[in-house]
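Undergrad: Before I ask anything, here is the structure I am working with.
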Amino acid sequence: MEVSYIVELSPSNGLQNDGRVTRRGFLTGAAAAAAGLAASPAWAALQKHDTPADVTLRIGPVTTDVAPGKTIHTTGYNGSVPAPLIRLREGVPVTVDLFNDTDIPEYVHWHGFPLSAAMDGTQEENSLSVPPHGHLRYRMTPQAAGSRWVHSHVMTMDDLTVGLYSGQFGFVYVEPKKNSGRYDQEIFLSTHEWEPFFLDMDDDDNPSAVEEFGETDWGSSMVEVGYRIGSINGKALGHGEPVRVKEGQRVLFHILNASATENIQLALPGHEFLVIALDGNPVPRPCKVPSLDLGAAERVDAIVEMNCPGVWVLGSTDDDVRGAGLGVLIEYAGHSGIAMNARATAAPWDYTQFGLPRPQPPVDVTLPMVIARVPPGENGMERWTINGNSYRSSNPPVVLRKGVRHRFAFHNTSSDAHPLHLHRSSFELTRIDGRVTGGLLKDVVLIGAHQRMEVDWTPEGEGPVLFHCHNQFHIDRGFQMLFDVR
């Protein structure tokens, strides 16, 4: 039987827009009336199923050929991976329909959107879920322009077929009210890896693939996740349509790292990237770089001047990763065939080159955030901690104050790089290893091994806000923290 939630969340309808409303509260009209919704004209309009939604996502089985002979059976949105591009307009309300054709509850996370916790799409924030074979409708207003995205936010644990390991992801672009960009063509590219498997890393020189987790005596060995094939826009290098350009064009690339676990570096030999936005937010100092680093879930908007005719590969700077499919052909008009055999130029990634070299502003509260890895136990599974605590749902949230400027002082004591993500908002990057910067707003930041980094955040809304590493394997093993803004 199909179950439907029909929800209207706005500051004017008498309902607290902070996510403190339970899912059960939306099941009946009586509950809606108790929440102050029944009298809302918008609520009445939303109940009319004959009114088409502005955005519809249908979660269901997808079969796709990533490469010849490499057919992937997964779960995706609207029958494809990635989902078809969703375009919204800044400040314009939209009605969203979510249909779940699977047998498990799903959480749909609108990544980079300042939404209420109820619509943010996480179990930890007590968001609305989409029940199995059910339907959820709500209205939201995209307030932040630029490159955003949507993806599943279910916990995966040992199941490498769900969550971000699946095909449930898609680019969302929010058109700004004023777009002063000058370009001739725009291209949206999403990277993703397929056929994940567990790796026994006991022997660093010869890691072994383990097909069925749980049937091996792990002892004290370390487990990681590997993949058999990579893709851009759902196709391995050389097996999809090339990006076709013309000499003299200025092409705006919107690039999303939609990986479950992998941080990547991309380059286009013979060309440079003029970075104009990170995570959808314009950077204070656009500048040219030879390569792009993207932690899992990061987005980069960059303009490339097409002034080097031929056929090239925009792809990973790692030969093995690119050889496994993570790349796409860039084909100039009048040229075709095999790509130029040119080695990409790569440079160390430095966020501060895009920020302003200004002193840090004073803050009201500083929160030390020490990241540490707990070695594997008997099951071979590591744990991750923040300030000595590995997340459990029974943990009380950390209370923060609305309107107060907080500084998160991160210290990564591990040898891994971590894409750190804050839900429902963006933060300002203010210091990296002692170097100050400002004006750079992000919702994911990649902290390097043994690095120190500081970001500032002033909560504007109330309710639960989730913080976590965007490596799916790490979040499933405790690398997250829940805040309660009051």
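The values are calculated or read from the model by the stated rules, or taken from the named source; none is laboratory data. Keep in mind that what you see is a predicted model, and the values were worked out from it rather than measured. As a convention, Cβ positions derive from the backbone with ideal geometry for all residues, glycine included, and neighbour counts pool all protein chains shown. With ligands, DNA and RNA removed, areas are computed over all heavy atoms of the protein, side chains included. Shrake-Rupley method; radii C 1.70, N 1.55, O 1.52, S 1.80 Å.
Undergrad: Looking at Met369, Met381 in this structure, which one is aliphatic (A, V, I, L, M), part of a loop (DSSP other than H, G, I, E, B) and either in contact (Cβ under 8 Å) with a residue 12 or more places away in the chain or within 22 Å of Ile475 (Cα to Cα) (or both)? Let's see the steps before the verdict.
TA: Details: Met369 fails: part of a loop (DSSP other than H, G, I, E, B).
Unique residue meeting the criteria: Met381.
Undergrad: Looking at (1) more than 24 Å from the chain's Cα centre (by Cα); (2) at pLDDT below 95; (3) closer than 22 Å to Arg486 by Cα; (4) among the small types (Gly, Ala, Ser), find the lone condition where Ser393 falls short.
TA: The failed condition is (1).
Undergrad: Report every pair of residues separated by at least 6 positions or lying on different chains whose Cβ atoms are under 7 Å apart, first residue within the range 185-198 and closer than 12 Å to Ile229 by Cβ, second at pLDDT below 95 and open to solvent by 40 Å² or more (accessible area, probe 1.4 Å).
TA: Phe197/Ala209; Phe197/Glu211
Undergrad: Something else now. Provide a single number: the residues in the range 328-381 that are of a type in the set (A, V, I, L, M) and either more than 30 Å from the chain's Cα centre (by Cα) or more than 30 Å from Gly403 (Cα to Cα) (or both).
TA: So the count comes out to 13.
Undergrad: I need a count of the residues in the range 334-356 that are at pLDDT 95 or above, part of a loop (DSSP other than H, G, I, E, B) and open to solvent by 30 Å² or more (accessible area, probe 1.4 Å).
TA: Of the range 334-356, the ones at pLDDT 95 or above are 349-356.
Those left that are additionally part of a loop (DSSP other than H, G, I, E, B): 349-350, 355.
Then drop every residue that is not open to solvent by 30 Å² or more (accessible area, probe 1.4 Å), which leaves 349-350.
Count: 2.
Undergrad: Now, a different point. If only one of Gly380, Gly337, Gly388 is touching a Phe, Trp or Tyr at 6+ places or on another chain (Cβ under 7 Å), at positive phi and not acidic (Asp, Glu), which one is it?
TA: Gly380
Undergrad: Sticking with this structure for a sec: Please verify whether the range 308-316 includes one or more residues that are closer than 27 Å to Thr261 by Cβ, within 28 Å of the chain's Cα centre (by Cα) and part of a loop (DSSP other than H, G, I, E, B). Before the answer, list the steps.
TA: Narrowing the range 308-316 to residues closer than 27 Å to Thr261 by Cβ: 313-316.
Okay, now just the ones that are also within 28 Å of the chain's Cα centre (by Cα), so 313-316.
Keeping just the survivors that are part of a loop (DSSP other than H, G, I, E, B) gives none.
Checking the range 308-316: not a single residue is closer than 27 Å to Thr261 by Cβ, within 28 Å of the chain's Cα centre (by Cα) and part of a loop (DSSP other than H, G, I, E, B).
Undergrad: Can you tell which of Glu224, Glu272, Glu247 is modelled with pLDDT under 95 and open to solvent by 20 Å² or more (accessible area, probe 1.4 Å)?
TA: Values: Glu272 fails: modelled with pLDDT under 95; Glu247 fails: modelled with pLDDT under 95.
Going through Glu224, Glu272, Glu247 in turn, the sole match is Glu224.
Undergrad: Right, next: May I ask you to say which residue of Ile72, Ile104, Ile86 is β-branched (Val, Ile, Thr), closer than 23 Å to Arg299 by Cα and modelled with pLDDT of 95 or more? Walk me through how you get there before you give the answer.
TA: On the way: Ile72 fails: closer than 23 Å to Arg299 by Cα; Ile104 fails: closer than 23 Å to Arg299 by Cα.
Just a single option satisfies the conditions, and that option is Ile86.
Undergrad: Here's something else I'd like to know. Residue check: is Tyr138 in contact with a strand residue (DSSP E or B) (Cβ under 8 Å, 6 or more places away or on another chain), buried (at least 22 other Cβ atoms within 10 Å of the Cβ) and not charged (D, E, K, R)?
TA: Taking the combined requirement at face value, the residue satisfies it.
Undergrad: Given the criterion touching an Asp or Glu at 6+ places or on another chain (Cβ under 9 Å) and modelled with pLDDT of 95 or more, identify the matching residue among Val370, Val300, Val313, Val365.
TA: Val300
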